[in-house]
Amino acid sequence: MSARETSVKEVHVAVAVIVRDGRVLIARRPDHVHQGGLLEFPGGKVEPGETVQVALVREIAEETGLHVPAGSLEPVIGIRHDYGDKRVFLDVWETSAAEGEARGCEGQPVEWLTREQLRDEDFPAANRPIIRALRLPRQLAITGSENGLEPALAHLQEGLSAARPPLVLLRAPALRPLAYRELAANALPVCEKARAALIVHGGPEVFRAIPGAHGLHLPWLEAAKLSARPVPEDVWLGVSCHDRQEIDHATAIGADYVTLGPVQPTESHPGAPTLGWSVFADLVSEAVLPVFALGGLSPGDLREARQRGGQGIAGIRFWWPQS
């Protein structure tokens, strides 16, 4: 560790995502402070001896006049960020149970914004993963393997009707490239009708070949070839990861999220090594982007994934119809 690294202390900051009627409470930083003029989520430093929940209750009351029951707070994401002159750990929690009328008790303007109104450029860089986490669902729906176009589309329609996932990752490893592109072209209007965004799976050429796709999910072997983000900023970019080095690479190429696993044993790969929840939590604690737990999971594991710092779970079984 360098002398600089030992001289810069990490500041533990509690951050509140306060939601009411689908909108998030946002404040504007005073011009004279660090990152002045930018938007921010309410919060502040965790004092010695405080839990993050106690700190949030105190900070929210002091800054906005709102009362938040500590038990209503749920984890969103933890982010470590180095500003050069300052290192911070943003410990982000969400509540929809705030009581009272919000006001800027310290003279700062406050407003309620939709998730779609939260723009990267309006926030400090360290806040940007929070925006990703707020826009992403808690369950990433992955399609099951099908050998033909018609069965795949039929199962897609059935799954969308039953589960209503907002985001669908179209993974069909059994199909050849041309067949996959045909499937994706036909799946797009099906998803749009169900108000679900479709993410395609493969290399950058797959995304370029499918106009209208809402994002690209890179298998690790494809991600490893890249040194920069291969898709526009206004679509999703995900990466399949298995260890810390892969997560770091995904971050470096501008991924919005990663899947990490397998966490538990899977039927498709019996006997394969698994991470387990402890290792998953360790890897997530160093990540600076949302992480979905993947592998052998069901909706009953969602709370565990959240408590371990994950965005949620990704998988097939919780929504894809069984043949």
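Would you mind finding the one in 299, 270 that is open to solvent by 50 Å² or more (accessible area, probe 1.4 Å) and closer than 17 Å to residue 167 by Cα? Talk me through it step by step, then tell me what you get.
Details: 270 fails: closer than 17 Å to residue 167 by Cα.
After applying the criteria, what remains is 299.
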>> For segment 8-16, check the following and say yes or no: at least one residue is assigned to a strand (DSSP E or B), surrounded by 14 or more Cβ atoms within 10 Å (Cβ to Cβ), at pLDDT below 95 and touching a helix residue (DSSP H, G or I) at 6+ places or on another chain (Cβ under 6 Å).
In response: no
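Matching residues to (1) among the charged types (D, E, K, R); (2) within 20 Å of residue 256 (Cα to Cα); (3) touching a strand residue (DSSP E or B) at 6+ places or on another chain (Cβ under 9 Å); (4) in a strand (DSSP E or B):
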{"position": "79", "(1), (2), (3), (4)": "no, yes, yes, yes"}
{"position": "89", "(1), (2), (3), (4)": "no, yes, yes, yes"}
{"position": "102", "(1), (2), (3), (4)": "no, no, yes, no"}
{"position": "105", "(1), (2), (3), (4)": "no, no, no, no"}
{"position": "112", "(1), (2), (3), (4)": "no, no, yes, yes"}
{"position": "121", "(1), (2), (3), (4)": "yes, yes, no, no"}
>> Given (1) part of a loop (DSSP other than H, G, I, E, B); (2) open to solvent by 40 Å² or more (accessible area, probe 1.4 Å), identify the lone condition not met by residue 144.
In response: (2)
>> If I ask for residues that are in a loop (DSSP other than H, G, I, E, B), among the aliphatic types (A, V, I, L, M) and within 18 Å of residue 239 (Cβ to Cβ), which ones from segment 258-286 would you list?
In response: 263, 275
> Condition test on residue 55, is it of a type in the set (A, V, I, L, M, F, W, C) and part of a loop (DSSP other than H, G, I, E, B)?
Replying inline: no
>> The conditions are (1) closer than 20 Å to residue 130 by Cβ; (2) among the basic types (Lys, Arg); (3) in a helix (DSSP H, G or I); (4) open to solvent by 40 Å² or more (accessible area, probe 1.4 Å), and residue 306 fails exactly one of them. Which is it?
In response: (4)
> From the residues in segment 147-179 that are part of a loop (DSSP other than H, G, I, E, B) and either farther than 30 Å from residue 26 by Cα or modelled with pLDDT under 95 (or both), which one is most open to solvent (accessible area, probe 1.4 Å)?
Replying inline: 176
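Looking only at segment 36-59, how many residues end up being closer than 23 Å to residue 86 by Cα and open to solvent by less than 60 Å² (accessible area, probe 1.4 Å)? Give the steps one after another, and end with the answer.
The first filter runs over segment 36-59 and keeps only residues closer than 23 Å to residue 86 by Cα, leaving 36-52, 55-56, 59.
Okay, now just the ones that are also open to solvent by less than 60 Å² (accessible area, probe 1.4 Å), so 36-44, 46, 50, 52, 55-56, 59.
Total meeting the criteria: 15.
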>> I'm trying to understand the selection: among the residues of segment 214-229, which are open to solvent by 10 Å² or more (accessible area, probe 1.4 Å) and either touching a strand residue (DSSP E or B) at 6+ places or on another chain (Cβ under 7 Å) or aliphatic (A, V, I, L, M) (or both)?
In response: 214, 219, 220, 221, 224, 226, 228, 229
> Of everything in segment 292-311 that's in contact (Cβ under 8 Å) with a residue 60 or more places away in the chain and more than 23 Å from residue 253 (Cβ to Cβ), which residue is farthest from the chain's Cα centre (by Cα)?
Replying inline: 299
> Any idea which residue in segment 230-246 is surrounded by the fewest Cβ atoms within 10 Å (Cβ to Cβ), counting only those that are over 17 Å from residue 121 (Cα atoms) and of a type in the set (A, V, I, L, M)?
Replying inline: 231
> Restricting the first residue to segment 223-236 and requiring it to be in a loop (DSSP other than H, G, I, E, B), which pairs with a second residue that is open to solvent by less than 70 Å² (accessible area, probe 1.4 Å) and of a type in the set (Val, Ile, Thr) meet a Cβ separation below 8 Å and a spacing of at least six or different chains?
Replying inline: 226/253; 227/253; 228/253; 229/253; 230/253
>> Any residue that is open to solvent by 50 Å² or more (accessible area, probe 1.4 Å), free of Cβ contacts under 8 Å to residues at least 40 places away in the same chain and closer than 28 Å to residue 146 by Cα - is there at least one of those in segment 273-291?
In response: yes
> Which residue, of 152, 102, 133, is in contact with a Ser or Thr (Cβ under 8 Å, 6 or more places away or on another chain) and either on the phi > 0 side of the Ramachandran plot or in contact (Cβ under 8 Å) with a residue 40 or more places away in the chain (or both)?
Replying inline: 102
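The values are calculated or read from the model by the stated rules, or taken from the named source; none is laboratory data. Not measured: the values here are computed from a predicted model. Please note: Cβ atoms are built from the backbone with ideal geometry, for glycine as well, and neighbour counts cover all protein chains shown. Only protein heavy atoms, including side chains, enter the accessible area calculation; ligands, DNA and RNA are left aside. Shrake-Rupley method; radii C 1.70, N 1.55, O 1.52, S 1.80 Å.
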